[in-house]
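Structure, as structure tokens:
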Amino acid sequence: MSRIFWIWLIFMAGFITESWGAKIRIDIRDDIGFKFCRAGTNICPARETIAVGDTVEWVHIGFTSHTTTSDSGVTPGWDSGLMTTGSTFRFPFSQTGIFPYHCIFHSEVQRDTVYVQPACIAKAGDANGDGNILLSDVVVVINFLFKSGVLSPLCRGNANGDGSVLLSDVVYLVNFLFKSGAAPVKNNECCL
Ligand SMILES: [Ca+2]
Ligand SMILES: [Ca+2]
């Protein structure tokens, strides 16, 4: 393999890592009180719900000094340090969870929370990952349960959304396919 190919591959890998997830902007304001707001709106606090891998970018569009600082005990945490008009701070969220934060100068009133959900990478019930829910998916779940077959991610087989993959999911899928039963329930990263 040529050296140029490897350099290209490493470059592309870096590019893909860099572009993983969306960027969500939150405005830091003090014109309507000390607040964190959804970008370009008066929805404050922003209370943004994002997916794992997304990055929040705080943009200071106020006049006085602020920070975006995770509450004590929040892991992984962040602290922008002092921000002034026009400055920005980015933090990538790599774990699911609830992340409360505040401005250290106005912590009584300037508070917000980022809610991080699993990234959607699969579809519940589509056990073989081909995009459709068919009898072949039932077979995959049966193989997983009784023949050490592979099911990845596990939520693909959790058709009834109760948190585990059991025979009841096979029954659920069969009912969906042949008896007009309810559709598989979105769960965890199977939320497509
Ligand atoms: Ca399928
Ligand atoms: Ca289940």
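The values are calculated or read from the model by the stated rules, or taken from the named source; none is laboratory data. In this text the structure is predicted, and so the values were computed from the model without any measurement. All Cβ positions, glycine included, derive from the backbone under ideal geometry; neighbour counts span all protein chains shown.
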- Only unsatisfied item for G149, checking (1) part of a loop (DSSP other than H, G, I, E, B); (2) within 30 Å of T67 (Cα to Cα), is (2)
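So that you can scan it fast, the table gives a plain yes or no per residue for (1) at pLDDT 95 or above; (2) surrounded by fewer than 21 Cβ atoms within 10 Å (Cβ to Cβ):
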{"residue": "Y101", "(1), (2)": "yes, no"}
{"residue": "I104", "(1), (2)": "yes, yes"}
{"residue": "T113", "(1), (2)": "yes, yes"}
{"residue": "A119", "(1), (2)": "no, yes"}
{"residue": "A124", "(1), (2)": "yes, no"}
{"residue": "V139", "(1), (2)": "yes, yes"}
{"residue": "N143", "(1), (2)": "yes, yes"}
- Query: How many residues does the stretch 115-147 hold that are more than 16 Å from ligand 2 (Cβ to nearest atom) and basic (K, R)?
  - Reply: 1
- Message: Of the residues N160, N187, only one is at pLDDT below 95, within 11 Å of ligand 2 (Cβ to nearest atom) and surrounded by 15 or more Cβ atoms within 10 Å (Cβ to Cβ); which?
- Response: N187
- Message: If a residue must be among the hydrophobic types (A, V, I, L, M, F, W, C), more than 16 Å from T113 (Cα to Cα) and in contact with a Phe, Trp or Tyr (Cβ under 7 Å, 6 or more places away or on another chain), how many such residues does the stretch 71-88 contain?
- Response: 1
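Please work out if G125 is part of a loop (DSSP other than H, G, I, E, B), without any contact (Cβ under 8 Å) to a residue 40 or more places away in the chain, within 29 Å of S94 (Cα to Cα) and outside the structural domain of I98 (by TED's automatic domain parsing).
Spelling it out, it is not the case that G125 is part of a loop (DSSP other than H, G, I, E, B), without any contact (Cβ under 8 Å) to a residue 40 or more places away in the chain, within 29 Å of S94 (Cα to Cα) and outside the structural domain of I98 (by TED's automatic domain parsing).
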- Item | Near pairs, Cβ below 7 angstrom, 6+ apart or cross-chain, from the stretch 93-118 (over 17 Å from P76 (Cα atoms)) to any residue that is among the charged types (D, E, K, R) and crowded, with 20+ Cβ neighbours inside 10 Å | Q110/K35
- Just one of the numbered conditions (1) at pLDDT 95 or above; (2) under 28 Å from C120 (Cα atoms) is not true of G53; which one? (1)
- Query: Among the residues of the stretch 120-127, is there at least one that is closer than 27 Å to T41 by Cβ and of a type outside the set (K, R)?
  - Reply: yes
- Do you know which of the residues in the stretch 130-151 that are touching a residue at least 12 places away in the same chain (Cβ under 8 Å) and more than 18 Å from F178 (Cα to Cα) is nearest to ligand 1 (Cβ to nearest atom)? L151
- Number of the condition not met by L177 [criteria: (1) assigned to a loop (DSSP other than H, G, I, E, B); (2) away from ligand 2 (no atom under 15 Å from the Cβ); (3) free of Cβ contacts under 8 Å to residues at least 60 places away in the same chain]: (1)
- Message: Here's a check for you: in the stretch 163-174, which residue that is surrounded by fewer than 17 Cβ atoms within 10 Å (Cβ to Cβ) and farther than 29 Å from V116 by Cα is nearest to ligand 2 (Cβ to nearest atom)?
- Response: S168
